[in-house]
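Asks: Sharing a structure, written as structure tokens. Questions coming.
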Amino acid sequence: MTDHLNAALHHLSQADPVLADIIRHGRPILPSAHEDLYLALLRAIVSQQISTKAAAAIWRKVQALFPPDGYPEPAALLQFTDEDLRAAGISRQKAGYLRAIAEFAQRGQLDHAHLSRLPEEDFTRHLTQIKGVGRWTAQMLQMFSLDQPDVFPEGDLGIQNAMRRHYGLPETGRALLRRMTELAEPWRPYRTLASKYLWQSLDNTPAE
């Protein structure tokens, strides 16, 4: 366990007794590996509104379209028609989104080194220029592909459910988002790790 992770866990446990209890009963959460942003975006679009199992099956079919290594280079992806992608299980709408990501990458707009240094709102504003990419997707990339430490996805249903359960929140709609954001304020600058523990808490598997 790194010094940074120890510092984050200590800060969160001191800042919030509810979160301290969640962490104490949870399983260790290790840092995410940094990922190819272009690939992560394609996978995020493929996964939208379908089960994890279905998304994995479709992603394998997409990879099969790009021999030998399964990497959908932007120029190659742009040559595929809606019908080609439909054969891999991609809807016409999602095919358009995948092409928009490929075009964005071709223009040099997905440079990992540059994007990893952007503040959260700037990063979100940059990525949501791409058709089909919303705020939630941008936040997931920051949390899991870039492993940025202080992202709080208040619009995520899992985070909302976990905070309702653990903090007894009766609010709904915008009032709920405001209350969640207030509760998360003391977690700075480690809101990403706090969010990952909240997600984990929805899975009631006992800690080993």
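Values in this text are rule-based calculations from the coordinates and carry no lab data. For clarity, every value in this text was computed on a predicted model and none was experimentally measured. Cβ placement follows ideal geometry from the backbone for every residue including glycine, while neighbour counts extend to all protein chains displayed.
Asks: Which of the three applies to the chain, rounded, prolate or oblate, going by the alpha-carbon gyration tensor with a ≥ b ≥ c and a/c under 1.5 meaning rounded?
Replies: prolate
Asks: Would you work out if region 94-138 is rounded, prolate or oblate? Take a ≥ b ≥ c from the square roots of the eigenvalues of the alpha-carbon gyration tensor; rounded if a/c is under 1.5, else prolate when a/b is larger than b/c, oblate otherwise.
Replies: oblate
Asks: So for S145, S47, S91, fewest C-beta neighbours within 10 Å to most, what's the order?
Replies: S91, S47, S145
Asks: What FRET efficiency comes out for the pair D21/S51, r = Cβ-Cβ distance, R0 = 35 Å, nearest 0.05?
Replies: Computed FRET efficiency for D21 and S51: 0.70.
Asks: Taking the beta-carbon count within 10 Å as an exposure proxy, list I101, I50 from fewest neighbours to most.
Replies: I50, I101
Asks: Using alpha carbons only, how many angstrom separate the centre of region 141-208 from the centre of region 49-73?
Replies: For region 141-208 versus region 49-73, the Cα centre distance is 29 Å.
Asks: Stretch R86-E103 to full length: gain in nm at 0.36 nm per residue minus the Cα-Cα span?
Replies: Working it through step by step, the gained length comes to 4.2 nm.
Asks: Report the local net charge at H166: Lys and Arg +1, Asp and Glu -1, summed over other residues whose C-beta lies under 11 Å from its C-beta.
Replies: 0
Asks: Normalising by the residue count of the chain, find the relative contact order in percent from Cα pairs under 8 Å and 6+ residues apart.
Replies: 28 percent
Asks: Still on this structure, please answer the following. Below 15 angstrom from the Cβ of L146, what's the summed charge of the other residues (Lys, Arg +1; Asp, Glu -1)?
Replies: Summing Lys/Arg as +1 and Asp/Glu as -1 gives -4.
Asks: Please list, or write none, the lysines whose alpha carbon is within less than 16 Å of the alpha carbon of K94, excluding same-chain residues fewer than 8 places away.
Replies: Qualifying lysines at Cα under 16 Å: K61, K131.
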